[in-house]
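Engineer: Just passing along the structure, written as structure tokens.
The values are calculated or read from the model by the stated rules, or taken from the named source; none is laboratory data. Keep in mind the model is a prediction, meaning the values are calculated, not measured. Because the Cβ atoms are built from the backbone with ideal geometry, glycine has one as well, and the counts that use them run over all protein chains shown.
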Amino acid sequence: MKQGPLPAAVSNRSGLAGGLRVGFGAGLLLLAAGCATGPNANPADPLEPLNRQTARFNDKLDDIVLRPVATAYHRVLPSPVRTGVTNFFGNLSDVWSFVNSVAQLKLHNSFDDFVRVNVNTFWGIGGLFDVATQIGLQRHSEDFGQTLGRWGVPSGPYLVLPLLGPSTFRDAAALIVDVHGDPVNYVDNISLRNSLYAVRLVNIRSNLLQVSALLDDAALDRYTFTRDAFLQRRNADVHDGDLQDGAGNVPSDGSDDGQLPKTP
């Protein structure tokens, strides 16, 4: 079964305000529908039958609309322009990462994020050039879902959102806050704001064209592969790369248990 290449775009999911409303509402409907069970059910994915249906819908939408547009975008715009677009939106995301780093009491990351935004905004011409990375200031991507996980909120069941793709119950709820933390959301001109949302989405999809092509050629259950990879990556994001649970073991389902990370 085919599964669209949207997991890597989760860190930019806050830009899709309209899709968020639809996706979060669908998540509530899935919760009301009850959990699916079976002998081979993954404990982290009790809603797998419904999630697979949503994934198929997202795949069809990607095949019909998003992938062709992203392919044309990739062919028409030269690489330096696409890189500049990626850097611009990355600089905007650093603002929200700074807020979440502060909320998680990650003081070193907070400092890096603060300096990154200032360096790239002023010396990188509004973020078109990633000067901060060139001088050794690495990006620390943080969102409110990670902040909740940092302070002990468990991820909850795996959830595939319409348009937005892989998520969890915790991350789906956190999207409401992430949308309000997205600088693009505060652009007054509606046409400009919607254009920024659209360009960001197409640019993200364009950056994933090669990855999706590799997955298309792979002989695997794309849904299962995407789910497991997403859950493991989010677990690593929340715990800064430490995949261990409270007992020092790696969770078999890849999900996090909401326990606070161990202090050195």
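Engineer: Could you run through segment 133-152 and say how many residues are within 9 Å of ASP171 (Cβ to Cβ) and not small (Gly, Ala, Ser)? Don't jump to the end; show me each part of the working.
Structural biologist: Looking only at segment 133-152, we keep the residues that are within 9 Å of ASP171 (Cβ to Cβ), and these are 143-146, 148-149.
In the following step, the residues that additionally are not small (Gly, Ala, Ser) were identified as 143-144, 146, 148.
Selection size over segment 133-152: 4.
Engineer: Which residue, of SER79, SER141, is buried (at least 17 other Cβ atoms within 10 Å of the Cβ), of a type in the set (Ser, Thr, Tyr) and either at pLDDT 95 or above or within 19 Å of ASN207 (Cβ to Cβ) (or both)? Break it down into steps so the answer makes sense when it comes.
Structural biologist: Working: SER79 fails: buried (at least 17 other Cβ atoms within 10 Å of the Cβ).
Result of the check over SER79, SER141: SER141.
Engineer: Here is a follow-up. Give me a count of the residues in segment 171-216 that are touching a residue at least 40 places away in the same chain (Cβ under 8 Å) and either in a helix (DSSP H, G or I) or in contact with a Cys (Cβ under 8 Å, 6 or more places away or on another chain) (or both).
Structural biologist: Matching residues across segment 171-216 total 26.
Engineer: Buried (at least 16 other Cβ atoms within 10 Å of the Cβ), at pLDDT 95 or above, over 13 Å from the mean Cα position of the chain (by Cα) and outside any helix (DSSP H, G or I): does that describe GLY149? Talk me through it step by step, then tell me what you get.
Structural biologist: Details: buried (at least 16 other Cβ atoms within 10 Å of the Cβ): yes; at pLDDT 95 or above: yes; over 13 Å from the mean Cα position of the chain (by Cα): yes; outside any helix (DSSP H, G or I): no.
So GLY149 fails the test.
Engineer: With the structure loaded, tell me whether ALA229 is without any contact (Cβ under 8 Å) to a residue 40 or more places away in the chain and under 13 Å from the mean Cα position of the chain (by Cα) or whether it fails that test.
Structural biologist: Working: without any contact (Cβ under 8 Å) to a residue 40 or more places away in the chain: no; under 13 Å from the mean Cα position of the chain (by Cα): yes.
Spelling it out, it is not the case that ALA229 is without any contact (Cβ under 8 Å) to a residue 40 or more places away in the chain and under 13 Å from the mean Cα position of the chain (by Cα).
Engineer: Pick from ASN118, ASN51, ASN87, ASN100: which is surrounded by 17 or more Cβ atoms within 10 Å (Cβ to Cβ) and either touching a Leu at 6+ places or on another chain (Cβ under 6 Å) or more than 27 Å from GLN232 (Cβ to Cβ) (or both)? Steps first, please.
Structural biologist: On the way: ASN118 fails: surrounded by 17 or more Cβ atoms within 10 Å (Cβ to Cβ); ASN51 fails: either touching a Leu at 6+ places or on another chain (Cβ under 6 Å) or more than 27 Å from GLN232 (Cβ to Cβ) (or both); ASN100 fails: either touching a Leu at 6+ places or on another chain (Cβ under 6 Å) or more than 27 Å from GLN232 (Cβ to Cβ) (or both).
Only one candidate passes the filter, namely ASN87.
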